[in-house]
1. Out of the residues in the range 43-60 that are surrounded by fewer than 16 Cβ atoms within 10 Å (Cβ to Cβ) and within 15 Å of Y11 (Cα to Cα), state the one that is modelled with the lowest pLDDT.
2. Does the range 61-71 include one or more residues that are of a type outside the set (F, W, Y), over 12 Å from the mean Cα position of the chain (by Cα), surrounded by 10 or more Cβ atoms within 10 Å (Cβ to Cβ) and modelled with pLDDT under 80?
3. Residue under question is V34, and the condition is that it be assigned to a strand (DSSP E or B), of a type in the set (A, V, I, L, M, F, W, C) and either at pLDDT 90 or above or surrounded by 14 or more Cβ atoms within 10 Å (Cβ to Cβ) (or both); does it hold?
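The values are calculated or read from the model by the stated rules, or taken from the named source; none is laboratory data. The structure presented is a predicted model; accordingly, all values stated were derived computationally and were not measured. Cβ: placed from backbone, ideal geometry, glycine included. Neighbour counts: every protein chain shown.
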Amino acid sequence: MRVTFYLAHSYARIIYAFRYDKETGALGKRTDFVSLIHGAGIPDGAAMDSKGGYWCAVHALRRKVARCQLIFKISFPSR
């Protein structure tokens, strides 16, 4: 069975997607799922919901990102 494996690379500011074979554990070719370069934010932890939606925490989000929909935003006071 083939599924998608996601990797949020915080330093590169890109979320990668790989085809993943559950039977063999093999990863396929890496593709850019979402790019957050040019100051858009820093991707961090993520989860998949029961409908296959990908949810990702993004630090320092400063602009809308193509292919993404901002559902809600939580601001924390920081120094």
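1. Restricting attention to the range 43-60, the residues satisfying the condition of being surrounded by fewer than 16 Cβ atoms within 10 Å (Cβ to Cβ) are 44-53, 55, 57, 59-60.
Subsequent filtering for residues that are within 15 Å of Y11 (Cα to Cα) retains 44-45, 57, 59-60.
Values: D44: 85, G45: 83, A57: 80, H59: 77, A60: 74.
The extreme case among them is A60.
2. Yes, there is a match, as at least one residue in the range 61-71 is of a type outside the set (F, W, Y), over 12 Å from the mean Cα position of the chain (by Cα), surrounded by 10 or more Cβ atoms within 10 Å (Cβ to Cβ) and modelled with pLDDT under 80.
3. On the way: assigned to a strand (DSSP E or B): yes; of a type in the set (A, V, I, L, M, F, W, C): yes; either at pLDDT 90 or above or surrounded by 14 or more Cβ atoms within 10 Å (Cβ to Cβ) (or both): yes.
So V34 fits the description; yes.
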